[in-house]
Structure formats: structure tokens, C-alpha cells
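The structure appears right after this line, and notes come after that.
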Amino acid sequence: MILSPAPTDIADGDVSLGAVVALLQDARRKVAAAQADEIRLLARAHAIASEQTARVPSSEGREREMPARSIAAEIAAALRRPDRGMQNRMHDAAGLVSGFAATVAALHAGAIEVGHVRAIHDAGAGITDPESRARFEQAALAVAERETVGRAKPIVAVLAARIHPVPLAERHVQAAAQRRVWVRDLDEGMAELVALLPAELAHGIRDRLTQHARALVAATRERAADVAVARACPDDESGGASLVPDTIATDSRTTDQIRADVLTDLLLTAQATSPAQTGALPPGAAIRARVQVVIPAATLCGAGDEPAELVGFGPISPAIARRIAAGTEIWDRVFVSPTTGIVEQVDRYRPTPAQRRLLDSRDEHCRFPGCRRAARDCDLDHTVDAARGGPTALANLASLEAARRLAGRLCAWRMTMARPGQ
């Protein structure tokens, strides 16, 4: 059978951009509704398998597995999917329908994406008390309905950590016991070196690699500039420029490539290098990882056990947060509204550095829709252009990645600063 595309009433140039956006939203709602129907149907298939399993007289495990395997195989064949994976999908769907019915309903209504459903299910699966799970689901849906999946995931994880019956510290100890390093062989002579680590260590390692990468690029550029000056201005009449190398080492690697090379150098030689060593960092270069941790005051002083948040990841245990704070030379005290969670002020008001600190805490990431680049790596953009009288004030600044700023200018996006409480 040959399937032909369905005819469409939309011809090129006949629909305005606003209409295209509205039609895309409607299409996404239909996709979400279909995904919710699929979850419910898979849950029903799981229920049928459970009913058939209950009627199996034998207590032999292999025989009792057959109904679920048979049904999964039949569905997988019809959908051209692996049968083992289908069993897992049936199991997960049953857990969603029974434990997160409101989430499935929100997906069916098109209020959230299927990625939100996974984030809510993964974070809340360990909350077994029905009332606690219902409170978590209600709060998580409020976040999911206004945020992208990337932004919602760490927030939902923090909400779950606050309600989870097992303390986060205890769960972290159990998870940390599984830390390991392994290699996964790939094609073309490549392999993946994978490490399962506590989140604060993994994020710290990546941040340190990034700082090394930026320092290497800066060192290479500085060396190139020195060579250019030496060529243009010889030190003596005999022509000091003749002592300058004919070629200047350049570094055309991407940031990802430099990070990978730095990781290799540090593990194998204990020093990060650049091509031809011209931009090599001094041995023992003092580059330390930077991680941003939001710690409730009661947790910091030991009077409470509310989870802290590792910005860009999610909740970490109070003990880990206090240990990180104890090893930090400078603290930025941030006052947050206890009802809205909005950052209200910091206790240090140096001109630009103070504004940078508060905006890093307030924004956490680029404010462009869907962008997750950390605020500390973004530019501070004036909502009202400084050239038009806009003040360099907290109420007129927002964190935007450079590329997003340019895209916003070119596509006529406008930033609007909401008043506190809005």
C-alpha cells in the first residue's frame, strides 16, 4: 500500500506569520493529545497483561512473564518497535495513568509537552504517599505549563525533593555508591569515556574544563599578537624580526574539542596544553571550578534540612551544600521573597560586579525563551537601550546570550521587565 500526503489548504504566501504560529500551536495540541491517547492505550495493554498473568496457575516466573511479553511483542510488531522496550513503555504508561492522571490529562489538553510528562514522572515516581504525590503534581504542573522542558526539569526536581519521604541526603548516599567510570567503544576508532559522579563534582569538572579552554584560547591569541608586534618592530638594527618563527600556531578547535583535549591532558600529563605548546598554561595554573548553589538560610546554619539547589541541575542535599559553602571564600547573600521566590536584593552594592551577582542569581540562565546558557556566561542587556536613556539599573538589565541578543534585534523581539510579584 502506498500512502500519499494529505492535501493541505495552506498555500505558500497565503498565511500570515501570526496565523502560522496559531496553526503550529494547534498542531502541537493535536500531537500532545495523540501522545496522551498512546499513554492511556499502553496502560490499558499493561492492565490486560496483568489480568492474563493473574489467571496463570503456575508460579513459575517464566510462565508468568509470557502474557506481558506476548502482548508487548504484538504491539511492537504493529508499531515496528522493539518488544523489550515496549514492555518498559507499557509499565511506565501504567504508572503515569495510575499515579499522575492530572499530568496525562494536561498533556491531552495540550497544556504541556511529553517531555514535561517524563520530567514529572521521573522526579515524582519515588513519592508513594497519594496526598504528597498529588501536592507535588499540582505544583509541578503549574511550572510545566509556563516553562520549557529544559527550564522546568530542575525546578520540578527541587519540588519533588522537598516532598519526597526519604531525605535527599540518604538518597544521595545510595546513588553516590554507584559512582563509576567506564568506556563505551564506538566506530571509526573512537570511544566514550563516561563517569557517573555526584552532580556538584560533574558540573565543577565541566566548568573547570571550560575555564581552561578559554584560557588556552586567550594564551594562543596573546602569543600571536606578540609575534605580530615583534615582526613589525624589530628590537635591533640587525633585524630581530628574523628570530620570530615563520608560522604562528593557531587553535581552530571548537570549545567542545578543547574541553575534550584538556580533559585528556590533565588526566594523562597533569597539564592543559594547546597545539605546538605555544599557548600552554603555566604548570599548576590556578583555575578553580565555579558552581552556583542556592542555599536556604536555615539550611546553611544547620537549623533546617530543606534541599539546596545546584543551578542548572537541581536539588542537592543540605550536607553537600554546607560543605561547598564551607570551602567558599566569598559568599553573596541573596534575599529572596519567601512567597514568590523572587530575588529582592543582595548585601553588596558595588557598581557592576554587584549587579552581575544579583542578575546571575535572579536570572540563572539566558532569558530568551528556551535558552539554558548560565547567566554568568551571558551578556547584560539593557531592556531600554542605553543610547535612548535606559539606565544601567537592575530593573533595566537582563541576561541574554550574545547570539540571542542579535537574534532578538534582527527579529524585533522585545524584552519586557515584569514588576515584582507579577
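What follows draws every value from the coordinates through simple rules; no lab data is involved. Nothing here was measured: the structure is a model prediction, and the numbers come from that model. Note: ideal-geometry Cβ built from the backbone for every residue, glycine included; neighbour counts use all protein chains shown.
Overview of results
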| read-out | value |
| --- | --- |
| Table column - 3J(HN,Hα) (Hz), the stretch 166-174, Karplus curve with 6.51, -1.76, 1.60, x for Gly and Pro | 8, x, 4, 4, 5, 5, 5, 4, 5 |
| At most 10 other Cβ within 10 Å, DSSP loop - trypsin sites (Lys or Arg not before Pro), the stretch 103-139 | none |
| Whole-Å distance, taken between Cα centres, linking the stretch 40-110 and the stretch 196-212 | 39 |
| Karplus-derived HN-Hα couplings along the stretch 139-153 (A = 6.51, B = -1.76, C = 1.60, θ = phi - 60°), whole Hz, x at Gly and Pro | 5, 5, 5, 4, 6, 4, 6, 10, 10, 5, 4, x, 6, 6, 4 |
| ³J(HN,Hα) computed for each position of the stretch 97-111 - Karplus, 6.51 cos²θ - 1.76 cosθ + 1.60, integer Hz, glycine/proline x | 5, 7, x, 9, 4, 5, 5, 5, 5, 5, 5, 4, 7, x, 7 |
| Label zone at MET66, where the point sits 7 Å out along the Cα-to-Cβ direction: the stretch 73-89 residues whose backbone N lies under 18 Å | 73-75 |
| Additional length obtainable on full extension of the chain from ASP37 to LEU193, 0.36 nm per residue less Cα span | 52.2 nm |
| Length added when fully stretched, ALA134-GLN52, from 0.36 nm per residue minus Cα-Cα | 26.5 nm |
| Kirkwood-Stokes translational diffusion coefficient of the stretch 8-159, alpha-carbon pairs, 4 °C, 1.567 mPa s, µm²/s | 74 |
| Cα pair distances exceeding 23 angstrom across the stretch 79-186, given as percent | 38 |
| P(r) tail fraction, the stretch 106-159 - alpha-carbon pairs more than 15 Å apart, % | 37 |
| Coil-residue GluC sites (Glu not before Pro) of the stretch 57-111, DSSP, other Cβ within 10 Å capped at 11 | GLU60 |
